[in-house]
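Some notes on the structure that comes next.
Only the coordinates and a few stated rules stand behind these numbers; no lab work does. In this text, all values refer to a predicted model and were calculated from it rather than measured experimentally. Here the Cβ positions follow ideal geometry from the backbone for every residue, glycine too, while neighbour counts run over all protein chains shown.
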Amino acid sequence: MTATFHYRENVLYCEDVELSRITAETGTPCYVYSTDALREGYLAYERALEGAPHRVCFAVKANSNLSVLRLLGELGAGFDIVSGGELFRVLKAGGDPSKVVFAGVGKTREEIEFALGQGIFGFNCESEAELALISSLAVRLRKTASVSVRVNPDVDAQTHPYISTGLREHKFGIDIAEVEQVYERARLLPNLALNGVSCHIGSQLLDAAPLIESARKMISLAERLRTRGFDIHHLDLGGSIGVPYQPGEVQPDLAGYLTAVRLLIEGKDLTLMFEPGRWVAARAGALLTRVLYRKRNGEKEFMVVDAAMNDLIRPALYQAWHEIQPLRKNQFGTVLADVVGPICESGDFMARDREVVNALPGDTLALLNAGAYGFTQASNYNARPRACEVLVDGAAWRIVRRRETFEDLIRGEE
């Protein structure tokens with residue numbers, strides 16, 4: 001539990017709003033986000049980096065709701081995007097394209113042209129072929145593209161293999177042993193400004209040591225590139241610190257990590273860039289779901305809810321753990337059960353062999369820490385309409401994305 005999602009007299013609140021008030025009007029499943037928690041997640045970076053040249057770019061892939069992006073943009077955030085669609089969302093939310101950095105291993109010609117036309121800050125490039133394509137498009141559009149090569153520093157993030165990105169066997173980036181020659185060859189390409197270096201070794205790191213090791217390697221690389229005559233003025237260190245999901249996990253020291261990096265670049269005339277998503281959004285959100293049935297197969301107890309892997313795929317995809325709490329506490333204790341959804345897949349579960357509240361059909365549960373990589377990974381699998389999204393601000397709340405209808409499911413089809 002957090003200060004954002006908390007109980008008052010056995011009733012679960014988000015900020016000053018009783019969550020059952022929301023579900024009474026919206027139904028379930030429903031994502032709820034806290035304005036205060038989103039704001040504090042972003043400002044934690046700004047406070048720790050105050051006085052140092054820096055830019056904090058929210059990772060749009062974590063939560064791309066227009067109202068969330070607008071809130072962060074108004075606070076001064078830049079944005080880290082990985083597709084043309086994410087850039088479109090940022091622009092629709094009023095985001096400043098000059099604060100946008102475009103990452104991702106498979107940018108298309110159309111996406112690059114769109115980004116160049118909008119005047120984004122720059123590209124984090126992942127291959128020499130991509131550098132050549134950006135150069136040719138920039139020439140045709142009479143633009144100069146600011147680029148950083150994404151470096152694979154060969155640092156083990158020691159996180160889930162699906163969200164680890166910094167080793168040689170991963171598809172991302174260019175090996176640090178080869179990258180200086182890549183910069184030399186890219187120097188010959190027209191309309192490119194090679195003015196930064198970039199890396200991202202993975203997501204959900206609770207220990208800052210691999211991040212600091214990666215930062216040291218990247219600073220040394222920046223200095224070597226400067227010696228070769230490259231005007232390197234920014235260092236993009238990616239998404240950085242994760243958040244604790246399970247009881248007993250240590251709260252990472254974000255301020256300590258950022259202070260350590262600031263000390264490493266002291267006197268080096270480098271602007272620090274970070275691209276947090278999970279830190280800003282995860283704890284700001286919850287997925288609300290209603291218990292449909294209770295079922296027992298032999299010794300196995302199942303709690304069937306109306307949220308499914310199409311709404312929140314993280315447990316099935318990453319074996320992720322989300323705290324589950326009732327919207328109203330009851331007197332029936334707990335039960336060892338699998339919390340599962342309606343989708344026709346054995347992998348459709350929210351929790352397995354978990355001691356959870358002994359909820360009955362009709363009760364509503366909250367899956368906490370679901371504000372990042374929740375709705376953005378939602379799908380229409382099994383022809384299920386996607387959930388609605390709600391933004392809470394103090395004692396007020398509003399729907400910021402309506403629930404899809406059956407008609408939405410077939411829009412665009414013949």
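Observations on the structure shown:
- Within-13-Å neighbourhood charge of ASP363 [Cβ basis; K, R +1; D, E -1]: +3
- Hz values of 3J(HN,Hα) by residue in segment 379-387 - Karplus curve (6.51, -1.76, 1.60), Gly and Pro given as x: 9, 9, 4, 6, 6, 9, x, 6, 5
- With 24 Å as the limit, the listed pairs LYS61/LYS268; LYS61/LYS329; LYS61/LYS99; LYS295/LYS329 have LYS61/LYS268; LYS61/LYS329 beyond it between alpha carbons.
- For the chain, built as a Gaussian network whose Cα springs stay under 10 Å, the top-fluctuating residue of ALA115, ALA395, ALA359: ALA395
- Residues whose amide H lies under 5 Å from that of LEU206, counting only those 5 or more places away or on a different chain, are GLY242; hydrogens are built 1.01 Å from N in the peptide plane.
- Descending principal axes extents, segment 315-381, alpha-carbon based, whole Å: 35, 25, 21
- Under Karplus coefficients 6.51, -1.76 and 1.60, residue-wise ³J(HN,Hα) of segment 197-203 in Hz, glycine/proline x: 10, 9, 7, 7, 8, x, 10
- Distance between modelled label sites at ARG8 and ARG296, nm, 7 Å Cα→Cβ extension: 3.9
- Summed over qualifying helices (DSSP H, 4 residues or more, each -39500 (n - 2.57)) and divided by its residue number, the chain shows a 222 nm mean residue ellipticity of -8000 deg cm²/dmol.
- Site pair GLU345 and GLU128 shows an inter-label distance of 3.9 nm when each label is modelled 7 Å from Cα along Cα→Cβ.
- Extension gain, GLN377-GLU407: 0.36 nm per intervening residue step, less the Cα-Cα distance, totals 8.7 nm.
- Electrostatic bookkeeping for GLY238 treats Lys and Arg as +1 and Asp and Glu as -1; over the other residues with beta carbon under 14 Å from its beta carbon, the sum is 0.
- Taking the convex hull of Cα positions in the chain, its mean projected area over all directions (nm²): 21.5
- Listed by chain and number, the aspartates and glutamates whose alpha-carbon sits under 14 Å from that of LYS143, ignoring those within fewer than 8 places in the same chain, are GLU113.
- Whole-Hz Karplus values for segment 329-335 come out as 5, 10, 9, 9, x, 10, 8 Hz, taken residue by residue from phi with 6.51 cos²θ - 1.76 cosθ + 1.60 and θ = phi - 60°; glycine and proline positions read x.
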